[in-house]
Amino acid sequence: MESIQATKQRFGIIGNDPKLNRAVEKAIQVAPTDISVLVTGESGVGKESIPKIIHSLSHRKHGKYIAVNCGAIPEGTIDSELFGHEKGSFTGATATRSGYFEVADGGTIFLDEVGELPLPTQVRLLRVLENGEFLKVGSSAAQKTDVRIVAATNVKMVDAIEKGKFREDLYYRLSTVEINLPPLRERKEDIHLLFRKFAADFAQKYKMPTIRLTDEATDLLLKYRWSGNIRQLRNVAEQISVLEQNREISDETLKHYLPDMGSNLPAIVNAKKAESDFSSEREILYKVLFDMKRDVNDLKKLTLELMKTGNAAKVKEEQSSLINKIYSGENEAEEELASIIDEETNGTQTDVEVFSIPEHTSEQRKDKYEYAEDIEEEENLSLQQKELELIKKSLEKYNGKRKDAADELGISERTLYRKIKQYDL
Ligand SMILES: Nc1ncnc2c1ncn2[C@@H]1O[C@H](COP(=O)(O)OP(=O)(O)OP(=O)(O)O)[C@@H](O)[C@H]1O
Ligand SMILES: [Mg+2]
């Protein structure tokens, strides 16, 4: 059996934490079987390596490995993407198409963010897990497939089950073996190690001397909560590597890069910038603008939603409290918006769709809510232009990798997906 150290090296996994080692060991042990595995852990802890390890160490290693981000595929097309469809089964289905479960026959499918699967898709998935059978959309002829499934989630599946969003029977099928990755804050020994590794990588990438933390800064690094885990640590290391001229980083400087610890806008606060830094400052400004645009849009949507439900008095009250929240920088504002909209619409919308303006409102808006349209048009021209630019830039930077681009933009992959459609990118 391949050793834990060798596997970590092969897959670029840094760290020596016992819980991390146990997770890798479990992956190695379970790999040669066909058992379904559920990888759990907070966002950014490194879940994506586990299914790769499992596939590469299994007898399926010469078969296909397909990673599907269940959260990024629109509900309307996910069945067809996973299971394929028959010609003519829906508008636009001009030819028969094979889905991932057919293509990956003999291989492994990684279902990332499995908690996001719509319920009807969960039923189809359960059938595959139970007897290796599936139906193409629009077909009644069952097909066989031999696919190993590894799933991952960063949400509490127990909560999702309680809320009726995830089938309990499917959960047990998927999680025959569960591999949990610990959050970074519980891997104290690894934090500095990872930081040094990233600092060295970015120094090389940007051809600058490696940044070094003072003792106080190192203490702060270990105390910080790292809710975005390794992804966040890596981003912080990259930002500092690019933006700080003085390569010895004090705790005061570090604070600027840690949300809740000081300012979130290092480049703007730190005014001593060489001219060559102009473009990164501009990028950060764009980003701020982008966030503000989102907030404004959310507000407008809230207004429209509330007006539709006819509770105008409440609109004002809620709006002003939300405006206060948004501009005081509290990040619960979005959740608050979502929950208010949910309440107002009796919870008929899903979490993801909350922020999209329903198409059918355009007619109603024309007569009743003209002023809302006016505000919208003015802002939209320039803001949309900026948004489009930002998205393009980000996609280019990450060679079209939607996940990375969405991360950078601070929006969900699903939202990015919709924007790409909207702007026809
Ligand atoms: N132990 C590690 N050593 C080096 N890099 C790591 C390690 N763990 C994670 N990373 C890096 O951190 C980033 C985030 O990891 P990954 O994408 O696997 O997170 P995740 O757990 O899938 O998060 P999410 O739930 O948000 O999808 C990746 O760039 C990954 O390469
Ligand atoms: Mg992931």
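The values are calculated or read from the model by the stated rules, or taken from the named source; none is laboratory data. Owing to the predicted nature of the structure, the values given are computational and were not obtained by experimental measurement. Ideal geometry is used to build each Cβ from the backbone, glycine not excepted, and the neighbour counts take in all protein chains shown.
Considering each of Glu86, Glu25, Glu42 in turn, give the residue that is modelled with pLDDT under 95, surrounded by 14 or more Cβ atoms within 10 Å (Cβ to Cβ) and not aliphatic (A, V, I, L, M).
Numbers: Glu25 fails: modelled with pLDDT under 95; Glu42 fails: modelled with pLDDT under 95.
None of the others qualify; the one that does is Glu86.
Suppose we keep only residues that are at pLDDT 95 or above and surrounded by fewer than 22 Cβ atoms within 10 Å (Cβ to Cβ) within region 143-158. Which one would you say is farthest from Ile50 (Cα to Cα)?
We begin by selecting, within region 143-158, every residue at pLDDT 95 or above; these are 143-153.
Within this subset, residues satisfying the condition of being surrounded by fewer than 22 Cβ atoms within 10 Å (Cβ to Cβ) are 143-146.
On the way: Gln143: 29, Lys144: 26, Thr145: 23, Asp146: 20 Å.
Among those residues, the one meeting the criterion is Gln143.
With more than 19 Å from Glu133 (Cα to Cα), touching a Phe, Trp or Tyr at 6+ places or on another chain (Cβ under 7 Å) and not hydroxyl-bearing (Ser, Thr, Tyr) as the only criterion, which of Gly115, Gly107 stands out?
Going through Gly115, Gly107 in turn, the sole match is Gly115.
Can you name every residue in region 221-251 that is loosely packed, with under 15 Cβ neighbours inside 10 Å and within 16 Å of ligand 2 (Cβ to nearest atom)?
Answer for region 221-251, where residues must be loosely packed, with under 15 Cβ neighbours inside 10 Å and within 16 Å of ligand 2 (Cβ to nearest atom): just Ser227.
Just one of the numbered conditions (1) within 16 Å of ligand 2 (Cβ to nearest atom); (2) surrounded by fewer than 21 Cβ atoms within 10 Å (Cβ to Cβ) is not true of Pro51; which one?
Failing condition for Pro51: (2).
I need the full set of residues from region 134-158 which are under 23 Å from the mean Cα position of the chain (by Cα) and away from ligand 1 (no atom under 16 Å from the Cβ), in order please.
Ile149, Val158
Residue by residue through region 170-182, note down the ones that are buried (at least 18 other Cβ atoms within 10 Å of the Cβ) and within 15 Å of ligand 2 (Cβ to nearest atom).
Ile179, Leu181
Find all pairs meeting these conditions: Cβ atoms under 9 angstrom apart; at least six residues apart or on different chains; first residue within region 138-156 and over 22 Å from Ile28 (Cα atoms); second residue among the aliphatic types (A, V, I, L, M) and within 16 Å of ligand 1 (Cβ to nearest atom).
Cβ pairs passing all conditions: none.
Is there a residue in region 2-17 that is more than 23 Å from the chain's Cα centre (by Cα), more than 13 Å from ligand 1 (Cβ to nearest atom) and not polar (S, T, N, Q)?
yes
For Thr361, only one of the following conditions fails: (1) closer than 28 Å to Asn69 by Cβ; (2) at pLDDT below 50. What is its number?
Failing condition for Thr361: (1).
Can you pull out every residue in region 77-127 that is within 16 Å of ligand 2 (Cβ to nearest atom) and either in contact with a Cys (Cβ under 7 Å, 6 or more places away or on another chain) or acidic (Asp, Glu) (or both)?
Answer for region 77-127, where residues must be within 16 Å of ligand 2 (Cβ to nearest atom) and either in contact with a Cys (Cβ under 7 Å, 6 or more places away or on another chain) or acidic (Asp, Glu) (or both): Leu111, Asp112, Glu113, Val114, Glu116, Leu117.
To keep it simple, each residue is scored yes or no on (1) under 30 Å from Leu254 (Cβ atoms); (2) in contact (Cβ under 8 Å) with a residue 12 or more places away in the chain; (3) within 16 Å of ligand 1 (Cβ to nearest atom).
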{"site": "Asp112", "(1), (2), (3)": "no, yes, yes"}
{"site": "Ala160", "(1), (2), (3)": "no, yes, yes"}
{"site": "Val177", "(1), (2), (3)": "no, yes, no"}
{"site": "Ile191", "(1), (2), (3)": "yes, yes, yes"}
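Can you work out which of the residues in region 32-74 that are among the hydrophobic types (A, V, I, L, M, F, W, C) and over 19 Å from the mean Cα position of the chain (by Cα) is nearest to ligand 1 (Cβ to nearest atom)?
Ile53
Being more than 11 Å from ligand 1 (Cβ to nearest atom), closer than 24 Å to Val24 by Cβ and out of contact with any helix residue (DSSP H, G or I) (no Cβ under 6 Å at 6 or more places or on another chain), is that true of even one residue in region 196-218?
yes
Run down Ser36, Ser58 and say which single residue is among the small types (Gly, Ala, Ser), within 30 Å of Ala141 (Cα to Cα) and away from ligand 2 (no atom under 16 Å from the Cβ).
Ser36
Starting from residues that are assigned to a loop (DSSP other than H, G, I, E, B), free of Cβ contacts under 8 Å to residues at least 40 places away in the same chain and within 19 Å of His62 (Cα to Cα), keep the ones in region 1-33 and report whichever is farthest from ligand 2 (Cβ to nearest atom). Show your work before the answer.
Restricting attention to region 1-33, the residues satisfying the condition of being assigned to a loop (DSSP other than H, G, I, E, B) are 1-3, 11-17, 31-33.
Remaining after also requiring free of Cβ contacts under 8 Å to residues at least 40 places away in the same chain: 1, 3, 12-13, 31-33.
Next cut, within 19 Å of His62 (Cα to Cα) only: 1, 31-33.
On the way: Met1: 26, Ala31: 19, Pro32: 24, Thr33: 23 Å.
If we take residues in region 1-33 being assigned to a loop (DSSP other than H, G, I, E, B), free of Cβ contacts under 8 Å to residues at least 40 places away in the same chain and within 19 Å of His62 (Cα to Cα), then Met1 is farthest from ligand 2 (Cβ to nearest atom).
Between residues in region 221-241 that are over 17 Å from Ile211 (Cα atoms) and among the β-branched types (Val, Ile, Thr) and residues that are outside any helix (DSSP H, G or I) and within 12 Å of ligand 1 (Cβ to nearest atom), which pairs lie under 6 Å by C-beta distance while being six or more apart or on different chains?
Note: pairs meeting the criteria are Ile230/Gly44; Ile230/Gly46.
Under 6 Å by Cβ, and 6 or more places apart or on different chains, what pairs join a residue from region 244-264 that is over 22 Å from Pro209 (Cα atoms) and modelled with pLDDT under 95 with one that is surrounded by 15 or more Cβ atoms within 10 Å (Cβ to Cβ) and not aromatic (Phe, Trp, Tyr)?
Filtered contacts from region 244-264: Met261/Lys255; Gly262/Lys255; Gly262/His256; Ser263/His256.
Of everything in region 54-70, what is buried (at least 20 other Cβ atoms within 10 Å of the Cβ) and either more than 14 Å from Ile149 (Cα to Cα) or in contact with a Cys (Cβ under 7 Å, 6 or more places away or on another chain) (or both)? Give them in sequence order.
If the condition is that a residue be buried (at least 20 other Cβ atoms within 10 Å of the Cβ) and either more than 14 Å from Ile149 (Cα to Cα) or in contact with a Cys (Cβ under 7 Å, 6 or more places away or on another chain) (or both), then no residue fits.
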